[in-house]
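Nothing in this text is a laboratory measurement; each read-out follows from the coordinates by a stated rule. Keep in mind that what you see is a predicted model, and the values were worked out from it rather than measured. Heads up, the Cβs are rebuilt from the backbone with ideal geometry, glycines too, and the neighbour counts pull from every protein chain shown.
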């Protein structure tokens with residue numbers, strides 16, 4: 001019996017038995033449709049080529065026999081395409097294992113495929129706060145980082161993209177300072193070219209910092225309104241009068257670029273949705289992040305969740321485009337037994353990173369130039385956690401603005417210092433590169 | 001004969017392009033409208049439109065592209081996969097009528113036909129996506 005995870009290995013096995021014809025008709029696209037049924041797409045010229053056609057028919061027959069419910073009848077299993085290059089347009093094509101010039105195109109019911117990695121933004125640093133599991137203090141850490149950066153004189157733009165569980169703005173802003181609209185309003189209005197009507201009124205300034213500025217763009221305004229109805233349209237692509245299609249993440253990028261141009265911040269902090277989610281995919285892979293903070297607590301659920309993502313990046317052959325932007329954050333390092341906990345966290349992280357992200361270094365060898373690998377104990381390595389200490393005063397905090405207002409800077413440093421230092425280094429490195 | 005919107009879409013578009021390149025603009029224009037209509041109707045079926053037993057549309061859906069363009073939006077909006085199959089909001093076939101097949105040939109110039117040609121090919125692109133996605 002063939003189930004989803006056997007599809008591609010079986011197709012690859014069939015292709016290897018017919019490798020001569022696969023090479024001849026390449027590129028070959030393995031099109032896995034919304035129902036996970038598979039067809040091949042090849043150039044139209046092969047439709048009339050008897051030899052190629054016979055071999056493709058044999059492959060179609062083998063797929064029919066081996067893929068079971070995931071196959072099409074042989075007569076429908078091959079699509080001939082006049083413009084073969086167009087097949088890739090608007091889709092992500094990943095290599096099929098080690099087969100050259102054979103690509104898998106996965107048709108998903110959602111746009112977030114976690115594999116289309118946008119280049120790092122050429123503007124100011126964009127730092128994404130992501131966690132595979134929720135409830136690890138991600139938003140609190142982000143508020144503390146925003147406060148600290150602003151205290152050092154930076155202009156900080158904070159975006160609440162945890163659209164399905166919004167709350168950053170209510171924790172960063174007292175009610176009387178919250179703006180009328182939020183990101184979800186803009187995404188809804190933009191569909192009817194009315195985004196400018198809300199743009200001015202979706203930005204608030206926080207009173208937390210007295211030296212720099214914190215601009216907050218919340219998920220929704222002070223009155224959420226018909227939030228569920230607006231959110232249900234956030235993922236809509238937009239089609240222009242000339243037929244040009246803009247995906248929802250491209251719309252989001254356009255909003256982010258507009259806000260960056262308008263507010264001229266020194267750094268942008270983005271609070272992402274947790275988990276393997278459509279919005280999280282946009283935040284981590286589509287917004288040109290400079291740095292993606294992976295919040296983690298030591299535990300099997302954390303490591304298996306991140307492993308799913310890292311393996312996906314390897315399978316889709318994009319791991320090199322994303323891995324150097326990642327940094328693990330130890331989210332809630334306990335007061336008691338903190339050193340032991342931190343050590344276990346680092347060990348778990350290293351196991352994961354070395355197996356899935358780092359280049360292999362043979363035993364006894366030293367990582368040389370061009371090899372991206374780190375020892376377990378190496379400070380500054382992406383797996384080496386930036387730690388946040390658990391502190392009762394910040395746990396279960398409902399409104400950070402009441403906590404940070406008038407807070408002792410030393411207290412923030414004690415709890416969030418490692419994270420803040422890391423973020424500051426990133427911002428200053430980017431600044432230095434721009435100078 | 002039973003209806004086959006997919007096949008009809010392909011043959012109308014192929015012939016429209018053939019006539020367009022031969023500068024037979026009047027009949028090309030007519031067929032671009034027909035190609036778009038058939039393509040949209042096939043997608044409407046994918047998005048839930050029911051048909052008569054002979055495969056023809058029912059009631060208000062029994063229309064040409066100048067009306068079907070808007071009807072399509074109704075079906076698309078009611079289907080979860082429709083999100084990925086949007087068309088430009090303004091109807092490029094507003095000035096197209098099936099009755100124009102009786103019109104004088106000189107009434108058709110490039111400026112009139114080109115938007116219809118673009119729109120028919122936009123429908124064609126959606127058809128291809130739908131085919132690869134397994135919707136049609």
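Key figures for this structure:
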{"item": "Simple label model, 7 Å out from Cα along Cβ direction - residue A:53 to residue A:180, nm", "result": "6.6 nm"}
{"item": "Residues B:23, A:269 arranged by fewest to most Cβ contacts within 10 Å", "result": "B:23, A:269"}
{"item": "Set of segment A:316-336 residues, backbone N closer than 20 Å to the point 7 Å along the Cα-Cβ line of residue A:378", "result": "A:319-330"}
{"item": "Shielding of A:238-245 by partner chains, average beta-carbon count, 10 Å", "result": "5"}
{"item": "Inter-label distance for residue A:211 and residue A:64, nm, one decimal - labels placed 7 Å from Cα along Cα-to-Cβ", "result": "7.3 nm"}
{"item": "Length-normalised contact order of segment A:279-364 in % [C-alpha pairs under 8 Å, at least 6 apart]", "result": "38 percent"}
{"item": "C-alpha long axis of helix A:300-315 to longest principal axis of chain A, angle in °", "result": "50 degrees"}
{"item": "Shape call, segment B:65-136: gyration tensor on alpha carbons, a/c limit 1.5", "result": "prolate"}
{"item": "Cut-off 16 Å, label 7 Å out along Cα→Cβ of residue A:241, residues of segment B:77-95 by amide N", "result": "B:87-95"}
{"item": "Nearest-ten-degree value, helix A:248-263 long axis tilted from longest Cα axis of chain A", "result": "30 degrees"}
{"item": "Listed peptides B:96-103, A:230-237, A:340-347, B:34-41 by packing density, highest first (mean Cβ within 10 Å)", "result": "B:34-41, A:230-237, A:340-347, B:96-103"}
{"item": "Angle in degrees between helix A:7-17 and the longest Cα principal axis of chain A, rounded to the nearest 10", "result": "40 degrees"}
{"item": "Highest-MSF residue in chain A out of A:362, A:141, A:282 [GNM, Cα springs under 10 Å]", "result": "A:362"}
{"item": "Overall Cα dimensions of chain B - principal axes, largest extent first, Å", "result": "43, 29, 24"}
{"item": "Cα-based Rg of the protein assembly as shown normalised by 2.2 N^0.38 Å, two decimals", "result": "1.12"}
{"item": "Over segment A:75-194, volume per residue of the alpha carbon convex hull, in Å³", "result": "234 Å³"}
{"item": "Rg(Cα)/(2.2 N^0.38 Å) for segment A:4-106, N = residue count", "result": "0.96"}
{"item": "For segment B:5-133: relative contact order, % (alpha-carbon pairs under 8 angstrom, 6 or more apart)", "result": "31 percent"}
{"item": "Cα shape, segment A:126-434, gyration tensor, a/c 1.5 rule", "result": "oblate"}
{"item": "Inter-site label distance for residue A:23 and residue A:276 at 7 Å from Cα along Cβ, in nm", "result": "3.6 nm"}
{"item": "Neighbour-count ranking [beta-carbon atoms within 10 angstrom, fewest first] of A:423, A:276", "result": "A:276, A:423"}
{"item": "Fluctuation leader among A:389, A:307, A:425 - chain A, Gaussian network, Cα springs under 10 angstrom", "result": "A:425"}
{"item": "Order by protection proxy (mean Cβ within 10 Å, highest first), peptides A:291-301, A:149-159", "result": "A:149-159, A:291-301"}
